[in-house]
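What follows is calculated from the coordinates using simple rules that are stated; it is not laboratory data. Here the structure is a predicted model, which is why all the values come from computation and not from measurement. For neighbour counting, all protein chains shown are included, and Cβ atoms are generated from backbone atoms with ideal geometry for every residue, glycine included.
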2 protein chains.
Amino acid sequence: MSKIASIMTDYFEDVEYTEPVKAYKESGHDVINIGLQGGQTVKGKREQTPVEIHKSVTDVRPEDFDALLIPGGFSPDLLRGHEAPVAFVKEFMSSGKPVFAICHGAQLLITADVIRNRKVTGYKSIIQDIKNAGADFQDSEVVVDGNLVSSRNPGDIPAFIRESMKLLS
Amino acid sequence: MSKIASIMTDYFEDVEYTEPVKAYKESGHDVINIGLQGGQTVKGKREQTPVEIHKSVTDVRPEDFDALLIPGGFSPDLLRGHEAPVAFVKEFMSSGKPVFAICHGAQLLITADVIRNRKVTGYKSIIQDIKNAGADFQDSEVVVDGNLVSSRNPGDIPAFIRESMKLLS
């Protein structure tokens, strides 16, 4: 079973964390929440879902995990204002392990500069940013390009879960 | 005296609206709040400052104003998910009239594709997006490039007000 890191902070889009994580756990996978500070409780944007951050991103390494989930909302933008989460995502992407980014999740990939020439989708407000980052933007409910699975918004969650689960062993 | 449009919606960075607007009004300028729906009350991200949207962006034209203010926070990202605010900003920029963007304000300029080869600054989380949009990013408290005045964050507000006021007649 896989050990998945969910990288997140306040204002995450609640269902983009709760629904994939529920599905992953029901299939026997483990999810560790990583963020700016271990022990901190962060809250979702819409329903204020409280989520405990198990580990600071500075206390973990990509080797500790099998896959990475990046929920959307305003959380990715808050994370990419700090160096450590960006460095972690960059290193994780170069490891070749599965990365699952939904909605605004691609913002972290843009700042990490890891989507050049990759097929990617994301929330409508960041389409221009995705294109400017050198990616091939695709307007689909889910886009799979090698290790990278991306979706546009909460409506795409079923397809996002379906395709991300295929990359978990 | 100038008629300034402030384009905004929920989650704007409170002081990036309240402080410049206070300064503009004290100098005799007029500020009209435009957004997604006229008559709507939007709220700031930090202090929940309530602000009435006077006009929908679909009911105004750049010709109605002398300058445009884009406060930051998450408001610019929410606005650029809609076509009308992006089209308005694009048209406003091509009019050559003054545009004042602070913090995440540059996100609207990126989606409107109007900062190619322009000197621009913005909030640290969007630096890569500004560069990818073809702009010359500058890490300064205020950057003036022709009609365009930009600043990085709330700490830059005094410089932002000082330089934007110079472009108001």
Breaking point among (1) within 14 Å of chain A (Cβ to nearest Cβ); (2) without any contact (Cβ under 8 Å) to a residue 12 or more places away in the chain; (3) of a type in the set (Lys, Arg), for B:Arg46: (2)
Residue in the range A:93-148 that is nearest to A:Leu168 (Cα to Cα), counting only those that are part of a loop (DSSP other than H, G, I, E, B) and basic (Lys, Arg): A:Lys97
Hits in the range B:52-70 - residues which are assigned to a strand (DSSP E or B), closer than 25 Å to B:Asn153 by Cβ and in contact with a Gly (Cβ under 7 Å, 6 or more places away or on another chain): B:Ile70
Residues of the range B:2-44 classified as touching a Gly at 6+ places or on another chain (Cβ under 6 Å) and at positive phi, total: 1
Filter pass, A:Asp66 being within 23 Å of A:Arg162 (Cβ to Cβ) and charged (D, E, K, R): yes
Those residues of the range B:1-29 which are among the charged types (D, E, K, R) and out of contact with any helix residue (DSSP H, G or I) (no Cβ under 8 Å at 6 or more places or on another chain), in sequence order: B:Asp14, B:Lys22, B:Lys25, B:Glu26
Positions within the range A:88-114 being surrounded by 24 or more Cβ atoms within 10 Å (Cβ to Cβ), aliphatic (A, V, I, L, M) and either within 8 Å of another protein chain (Cβ to nearest Cβ) or within 22 Å of A:Ala159 (Cβ to Cβ) (or both), in sequence order: A:Val99, A:Ala101, A:Ile102, A:Ala106, A:Leu108, A:Leu109, A:Ile110
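Are any residues in the range A:116-134 within 12 Å of another protein chain (Cβ to nearest Cβ) and buried (at least 24 other Cβ atoms within 10 Å of the Cβ), and if so, which ones? Spell out how you get there, then give the answer.
From the range A:116-134, those within 12 Å of another protein chain (Cβ to nearest Cβ) are A:116, A:122-134; that's our starting set.
A:Gly122, A:Tyr123, A:Ile126, A:Asp129, A:Ile130, A:Ala133, listed by residue number.
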Residues (within 19 Å of B:Phe92 (Cα to Cα) and within 14 Å of another protein chain (Cβ to nearest Cβ)) located in the range B:135-149: B:Ala135
Residues satisfying the stated conditions in the range A:71-87, i.e. more than 13 Å from every other protein chain (Cβ to nearest Cβ) and in a helix (DSSP H, G or I): A:Ala84, A:Ala87
